[in-house]
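K.L.:
Questions regarding the structure given below will be posed in turn.
Nothing in this text is a laboratory measurement; each read-out follows from the coordinates by a stated rule. These figures come from a predicted structure and were not determined experimentally. Note that we place each Cβ from the backbone using ideal geometry, even for glycine, and neighbour counts take in every protein chain shown.
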Amino acid sequence: MDTIFVTGNGPLIGQIPIAGAKNACLTLMPATLLSDEPLTLTNAPRLSDIRTMTALLTSLGAEVSSLQDGKVLALSSHAIGNHTADYDIVRKMRASILVLGPMLARDGHAIVSLPGGCAIGARPVDLHLRAMEALGAEMELRDGYVHAKAPGGLKGGIVEFPFVSVGATENILMAATLAKGTTVIKRAAREPEIVDLAHCLRKMGAQIEGEGTDTITVQGVDKLRGATHPVVTDRIELGTYMLAPAICGGEVELLGGRRDLVGAFCDKLDEAGVDVQETDNGLMVKRRSDHIKAVDVATEPYPGFPTDLQAQMMALLCTADGVSVLEEKIFENRFMHAPELTRMGAQIDVQGGTATVTGVKKLKGAPVMATDLRASVSLILAGLAAEGATKVSRVYHLDRGYEHVVGKLKGVGANIERVSDQ
Ligand code: EPZ
């Protein structure tokens, strides 16, 4: 298992390129199961989760080739040879559930392992199953697997989610494209990854309206065709690297960064005393003074403050002037980075879904442990401004969602090394 060593090294200067979005690519790839024609995804991120999705689709009979150093994915599924998504793959990555809707819509049956537990919360998939039932599917849970069938094919219907779910919206949106008749998805998630999925499906011939709003209408069609689609910029990778100059000082340009993807986040940075300017190539970030102001943050579905930037924002607020209150409203167990930041000298009091962070002058390097994807990068961000060396272990979590993190940060002057333990 590799370890990353970070030593505070003063202001960061330079440019960081932002990759395509993991959470868009993970829903775009299963869309290949909806058609027997090829789907090409450009601007694809090179991540272990993408390799897991590739293994899953290949196990179902699809072909996935990674081209141009992994930046282009050529996918095709002439036929789905196997309709069972096996536990051994699904347990590695919850997004595997996103093959359910496409398989059910295309062939009228699918067997998908339940994903099992997750570090940040229980994360059930009941909304996915209820939504498929609203389109006429029969769902049965047996031996840890979802057995789904729709012998006469899916039929358009009304899907009203009790609360917003990104994954359930993506799953039913894909399924509805081949259902007979009209489907209306109410209280749909509005994330940019869903808008990106809808744009790709429309290129494949789907009839969709309302993506990006809380009501999406889909007119089912008999068949979808192939397409070529660029994966949208990764707003979470973008937000993560925007925090690096905010924490350490300096000035960094995020190449490919788009303000519209991170609006609520930029508002909080502005409140904290950090400037975000649009440039021809992306976004330029620098703090207005050496002091960061304490701010309160509550995570919400898009366009609210993203839960996937909560841990990284906490790293910034550990050395802010004053007391910040962070409320995690999406996942019930997403403060596992707090005790690790406390090991670095932070003052954080966690009570249920609320963390109260009292800013300290400076953090100190320490050995810390990554617990999940976003927690791992928050420890690296904290280490960039800490006194002395921080040793982050279990960085395999990081590889799921960040490509070349050491190279990208080194490129702007960070003192960071990755060491493999072999
Ligand atoms: C997506 O997860 C992202 N993952 C997550 O990013 C992100 O944190 C999350 O959306 C929220 O923005 C991918 O896109 C692959 P949800 P998803 O369904 O779809 C509950 C990262 O770091 N719920 O919107 O699983 C659920 O437990 C990852 O990149 C049900 O109760 O999230 C959670 O509390 C982490 N039943 C809430 O809804 C369901 O059937 C929101 O989950 C579905 C969800």
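K.L.:
Which of the peptides 185-191, 233-239, 348-354, 319-325 is most tightly packed, and how do the rest follow, going by the mean number of other Cβ atoms within 10 Å of each residue?
P.N.:
Top of the packing list down: 233-239, 185-191, 319-325, 348-354.
K.L.:
Turning to a different aspect of this structure: Quick check on the chain: helices-only [θ] at 222 nm, where DSSP H runs of length 4 and up contribute -39,500 (n - 2.57) each and the sum goes over total residues. Nearest 500, please.
P.N.:
Rounded to the nearest 500, the figure is -8000 deg cm²/dmol.
K.L.:
Can you list which of the GluC sites (Glu not before Pro) found in segment 275-335 are DSSP loop residues with at most 15 other C-beta atoms within 10 Å?
P.N.:
Loop-located and lightly packed - GLU332.
K.L.:
Sketch the reach of a paramagnetic label on ARG46 as a point 7 Å from Cα along Cα-to-Cβ, and name the residues of segment 254-274 whose backbone nitrogen lies under 19 Å away.
P.N.:
What the label zone holds, given the 19 Å backbone N cut-off, is 255-256.
K.L.:
Contact order normalised by length for the chain, with contacts defined as Cα pairs under 8 Å and 6 or more residues apart; what percent is it?
P.N.:
In percent, rounded to a whole number, it is 21.
K.L.:
Say each of VAL195 and ASN281 gets a label point 7 Å from the Cα, pointing the same way as Cα to Cβ; how far apart are those two points in nm?
P.N.:
2.5
K.L.:
Within 10 Å, count the other beta carbons around each residue, average over each peptide in 141-152, 167-178, and list them highest first.
P.N.:
Ranked from most to least packed, the peptides come out as 167-178, 141-152.
K.L.:
Enter the Cα centre distance for the pair segment 27-104 and segment 372-421, rounded to the nearest angstrom.
P.N.:
Between the Cα centre of segment 27-104 and that of segment 372-421, the gap is 28 Å.
K.L.:
What distance in nm separates the two pseudo spin-label positions at LEU255 and LYS362, each 7 Å out from Cα along the beta-carbon direction?
P.N.:
Using points 7 Å along Cα→Cβ, the separation is 3.4 nm.
K.L.:
Within 15 Å, Cβ to Cβ, of VAL406, how many net charges do the neighbouring residues add up to if Lys/Arg are +1 and Asp/Glu are -1?
P.N.:
Its environment carries a net charge of 0.
K.L.:
Quick check on packing: order 312-318, 247-253, 218-224 by the mean number of other C-beta atoms within 10 Å, highest mean leading.
P.N.:
Packing order, densest peptide first, comes out as 312-318, 247-253, 218-224.
K.L.:
For a Förster distance of 35 Å, can you work out the FRET efficiency between the beta-carbons of GLN219 and ARG142, rounded to the nearest 0.05?
P.N.:
My answer for the efficiency is 0.55.
K.L.:
Under a Cβ-Cβ cut-off of 15 Å, what is the net charge of the residues other than LEU141 that fall near it, where Lys and Arg count +1 and Asp and Glu count -1?
P.N.:
-2
K.L.:
Compute the distance from the alpha-carbon center of segment 176-227 to that of segment 5-22, in whole Å.
P.N.:
36
K.L.:
For ARG130 and ALA294 in the same chain, what is the full-extension length gain: residue separation times 0.36 nm, less their Cα-Cα distance, in nm?
P.N.:
Extending this stretch completely gives an extra 54.9 nm.
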